[in-house]
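*Asks:* Dumping the structure here so I can ask a few things about it.
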Amino acid sequence: MPSLKDAAELTEQLQELTAQLHSELTEGEVDFDRMIELADRISEHADGLAGAFNTVNDALSQRISQVRDGSQGDEQGESEESGSQSKRGGS
């Protein structure tokens with residue numbers, strides 16, 4: 001199962017790619033094809049990382065909502081049961 005450590009490894013790869021792009025800009029012969037390639041790879045990695053974080057966020061949000069809704073449903077169910085018992089007892 002993927003973990004935050006895997007996400008950290010992706011950020012390391014992003015750092016390496018951005019360092020290569022920076023180096024190409026400042027120390028290289030300004031090879032535009034190489035810079036385009038690096039920029040595309042950076043974009044792909046960043047998009048993948050953003051997608052992974054979005055997926056985790058959605059899953060956590062959904063689970064938290066389910067738990068919250070479930071506990072509210074339990075409270076409502078208990079209230080309804082109490083009301084039913086008092087009505088039965090009062091008949």
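*Asks:* Of all residues being over 26 Å from L4 (Cα atoms) and of a type in the set (A, V, I, L, M) in region 16-54, which is modelled with the lowest pLDDT? Just the residue, please.
*Replies:* Kept after step one, since they are over 26 Å from L4 (Cα atoms), are these residues of region 16-54: 22-37.
The next check asks that each one be of a type in the set (A, V, I, L, M); those that pass are 25, 30, 35-36.
Numbers: L25: 90, V30: 84, M35: 93, I36: 95.
The residue in question is V30.
*Asks:* Sticking with this structure for a sec: Tell me, which residue of region 6-15 that is of a type in the set (A, V, I, L, M, F, W, C) and surrounded by 12 or more Cβ atoms within 10 Å (Cβ to Cβ) is modelled with the lowest pLDDT?
*Replies:* Filtering region 6-15 for residues that are of a type in the set (A, V, I, L, M, F, W, C) and surrounded by 12 or more Cβ atoms within 10 Å (Cβ to Cβ), the one modelled with the lowest pLDDT comes out as A7.
*Asks:* For residues that are surrounded by 11 or more Cβ atoms within 10 Å (Cβ to Cβ) and of a type outside the set (A, V, I, L, M), tally how many sit in region 17-52.
*Replies:* 15
The values are calculated or read from the model by the stated rules, or taken from the named source; none is laboratory data. Everything numeric in this text was worked out from a predicted model, so none of it was measured. Neighbour counts are summed over all protein chains in view; Cβ atoms, including those assigned to glycine, are modelled from backbone coordinates with ideal geometry.
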